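J.: One structure follows; several queries about it will come next.
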Amino acid sequence: MMNRFWLSLLLAWMGWVIWVVYPMLLEPDVIYYTDENDADESAYQRIKKSGVLRVATRLNGVGCFYKRGKLRGLECEILKNYAEEMGWHLQLVYESDLNGLFRALINRNVDLVAADLTPTPERAQFVEFSAPIMQTREVLIQRQDYRVSNLSGLKHKTVSVRKGSVYEDELNALSETTQIFTQFLSTRLSTLEIIKGVADGEWSYTIADEHIARSPNAQYSSLAAPIVFGEPRNIAFAFNLRSEALVASINQWLKSSRAQAIITAYQSQQNELRSADYLTISPWDHYFQKYSEAPFSWLWLAAQAYTESAFKADARSAAGAKGIMQLMRETATDMQVLNVFDPAENIEGGAKYNLWLYQNYWKQLPLNEALAFTFASYNAGIGHVLDAQRVARHDGGDPYKWFGSVEHYIVRLEQQQVYTKPYVKHGYCRGSETRDYVQRIFNRYTHYRKAIESPPKAP
């Protein structure tokens, strides 16, 4: 009888222990987010302790996404460089819809949201926004075969948008002035998917943010120039209301030269994609636009391609370079180009190689210097450009300035008394060719920019 009593007491005690300890073992997130001490801890303090900046995003191919295993998009690029500067690790948390993004932020499961968000008075009631990182407007997406010159041309035509999106309000406002038919699409479709649907003929028209319409992932040869009709509005990061220190830190970094270089490069890419509405440079403009990634806008790629091959898809050099971007065999292999004479593959491979050189060697330089050093590396090879920097450094020149400095020192690598120096690791280089190559790209780019700034007048 006594044994049964003690056994019952033991079982009761074990049951109490399990009831108390179970949540701590199997639901650590619940314990973490409801703990009073952690609730009082700011996001900035938590990040400093853990070294991890948690970012919620939709990974939808626009502001923050992966491409070839690397983070891409303006928002991702800004946050990646900010985290590097702070010595933190960037951790992306995927959320498929807007409600999930805000829920994660309010519950403090993440530190901020990067999802092309527009600050509004309604949203500001439950989240805080950073300083604007860019502005955008609504545009009408249309195909070449259904092209209209203005919004009145949509009369008795159907415009399709995702149900519940911000574009629904724009569509309702448009229907008050123009007799249009509306079609609401599944909430599961992303804006890029709907744009592709228009390009493929599944729908005739849709509405999108201009920066999405101008992104490389939204470029299709069947699409006509989009029509802008919305008012400019800001895009910003969103934070929990108790993240004052983190917001201040991000806002301060957004003013830095590095952040401004990233934003400027992105805006330049957007502006030059806008120029494609009326400016034709080559038969391959669509591919330059599709595969351009900041800081290499499509005009930079076009200028480089003309300098390489005069846009000849079957071009061959005596050194073995092939195609529009004159890819060497090893470069084509590294960039996963199977057919070097296919214009799309070749241009994509050249664009990927530019970006690889820039990201791995030159991204910390001011924008124009970074571009110049990247093009020089593309032409001569990274080893010779690093050698030219070493020669500049030993001669008292500026190793981080191309024009007027390193461009002259790379020419000196043609001289035996220079390329045999012990600090020169890659020997002879035909540096005068590289100097002229970079200068020709910059000159041609300037020529293209002037064409953009002075568009042809309507007849």
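The values are calculated or read from the model by the stated rules, or taken from the named source; none is laboratory data. This is a predicted model, so every value here is computed, not measured. Glycine also receives a Cβ, built like all others from the backbone with ideal geometry; neighbour counts cover every protein chain displayed. For accessibility, only protein heavy atoms count, side chains too; no ligands or nucleic acids. Shrake-Rupley method; radii C 1.70, N 1.55, O 1.52, S 1.80 Å.
J.: Please tell me if Trp356 is open to solvent by 50 Å² or more (accessible area, probe 1.4 Å) and either modelled with pLDDT of 95 or more or under 24 Å from Gln289 (Cα atoms) (or both).
T.: yes
J.: Which of (1) under 19 Å from the mean Cα position of the chain (by Cα); (2) closer than 19 Å to Ser190 by Cβ does Arg258 not meet, given it meets every other one?
T.: Arg258 satisfies all of (1) under 19 Å from the mean Cα position of the chain (by Cα); (2) closer than 19 Å to Ser190 by Cβ except (2).
J.: Among (1) at pLDDT 95 or above; (2) open to solvent by 20 Å² or more (accessible area, probe 1.4 Å); (3) assigned to a helix (DSSP H, G or I); (4) of a type outside the set (A, V, I, L, M), there is one condition Lys450 misses while meeting the rest; what is its number?
T.: So the condition that Lys450 fails would be (1).
J.: Name the single residue, out of those in region 279-297 being within 13 Å of the chain's Cα centre (by Cα) and in a loop (DSSP other than H, G, I, E, B), that is surrounded by the most Cβ atoms within 10 Å (Cβ to Cβ).
T.: Ser297
J.: Go through region 46-100 and give me each residue that's among the β-branched types (Val, Ile, Thr) and in contact with a strand residue (DSSP E or B) (Cβ under 8 Å, 6 or more places away or on another chain).
T.: First, the residues of region 46-100 that are among the β-branched types (Val, Ile, Thr): 47, 52, 55, 57, 62, 78, 93.
Across region 46-100, the qualifying residues are Ile47, Val52, Val55, Thr57, Val62, Val93.
J.: Let me ask another. Where in region 26-113 are there helices (runs of 4 or more DSSP H), lying wholly inside it, with at least 2 residues that are under 29 Å from Glu348 (Cα atoms) and at pLDDT 90 or above?
T.: So the answer is 74-86.
J.: Hey, another quick one. Given the conditions (1) open to solvent by 70 Å² or more (accessible area, probe 1.4 Å); (2) among the small types (Gly, Ala, Ser); (3) under 15 Å from the mean Cα position of the chain (by Cα), report the number of the one that Ser96 does not fulfil.
T.: With respect to (1) open to solvent by 70 Å² or more (accessible area, probe 1.4 Å); (2) among the small types (Gly, Ala, Ser); (3) under 15 Å from the mean Cα position of the chain (by Cα), Ser96 is out only on (3).
J.: If a residue has to be buried (at least 19 other Cβ atoms within 10 Å of the Cβ) and farther than 17 Å from Ser377 by Cβ to count, how many in region 396-411 make the cut?
T.: Looking only at that region, the number is 0.
J.: Could you list all residues from region 366-386 that are open to solvent by 20 Å² or more (accessible area, probe 1.4 Å) and closer than 17 Å to Ser268 by Cα?
T.: Of everything in region 366-386, those that are open to solvent by 20 Å² or more (accessible area, probe 1.4 Å) and closer than 17 Å to Ser268 by Cα turn out to be Pro366, Leu367, Asn368, Glu369.
J.: On to the next question. Regarding region 117-127, can at least one residue be identified that is within 15 Å of Ile235 (Cβ to Cβ), at pLDDT 85 or above and touching a helix residue (DSSP H, G or I) at 6+ places or on another chain (Cβ under 7 Å)?
T.: Just the residues of region 117-127 that are within 15 Å of Ile235 (Cβ to Cβ), to begin with: 117-120, 123-124, 127.
The next check asks that each one be at pLDDT 85 or above; those that pass are 117-120, 123-124, 127.
Now restrict to residues that are touching a helix residue (DSSP H, G or I) at 6+ places or on another chain (Cβ under 7 Å): 127.
Checking region 117-127: at least one residue is within 15 Å of Ile235 (Cβ to Cβ), at pLDDT 85 or above and touching a helix residue (DSSP H, G or I) at 6+ places or on another chain (Cβ under 7 Å).
J.: Follow-up. For region 157-166, give me the residue count where each residue is part of a loop (DSSP other than H, G, I, E, B) and either surrounded by 15 or more Cβ atoms within 10 Å (Cβ to Cβ) or modelled with pLDDT of 90 or more (or both). So that I can check it myself, show each step before the final result.
T.: Let us first name the residues in region 157-166 that are part of a loop (DSSP other than H, G, I, E, B), namely 157, 163-166.
Narrowing further to those that are either surrounded by 15 or more Cβ atoms within 10 Å (Cβ to Cβ) or modelled with pLDDT of 90 or more (or both): 157, 165-166.
Count: 3.
J.: Something else about it: Report yes if Ser309 is out of contact with any Ser or Thr (no Cβ under 8 Å at 6 or more places or on another chain) and open to solvent by less than 20 Å² (accessible area, probe 1.4 Å), otherwise no.
T.: Numbers: out of contact with any Ser or Thr (no Cβ under 8 Å at 6 or more places or on another chain): yes; open to solvent by less than 20 Å² (accessible area, probe 1.4 Å): yes.
Judged against the criteria, Ser309 is a match.
J.: What strands (runs of 3 or more DSSP E), lying completely within region 167-241, carry at least 2 residues that are open to solvent by less than 30 Å² (accessible area, probe 1.4 Å)?
T.: Details: elements: 181-185, 205-209, 233-239.
Once the strands (runs of 3 or more DSSP E) in region 167-241 are filtered for at least 2 residues that are open to solvent by less than 30 Å² (accessible area, probe 1.4 Å), what remains is 205-209, 233-239.
J.: State which residue pairs qualify: first residue open to solvent by 10 Å² or more (accessible area, probe 1.4 Å) and inside region 247-263, second residue of a type in the set (Phe, Trp, Tyr) in any location, beta carbons under 8 Å apart, and separation of 6 or more residues or different chains.
T.: That search, which allows pairs on different chains as well, returns Ser249/Tyr44; Trp253/Tyr82.
J.: Here is a further query. With the structure loaded, tell me whether Gly349 is touching a His at 6+ places or on another chain (Cβ under 7 Å) and either hydrophobic (A, V, I, L, M, F, W, C) or not in a loop (DSSP other than H, G, I, E, B) (or both) or whether it fails that test.
T.: Numbers: touching a His at 6+ places or on another chain (Cβ under 7 Å): no; either hydrophobic (A, V, I, L, M, F, W, C) or not in a loop (DSSP other than H, G, I, E, B) (or both): yes.
Answer is no for this residue.
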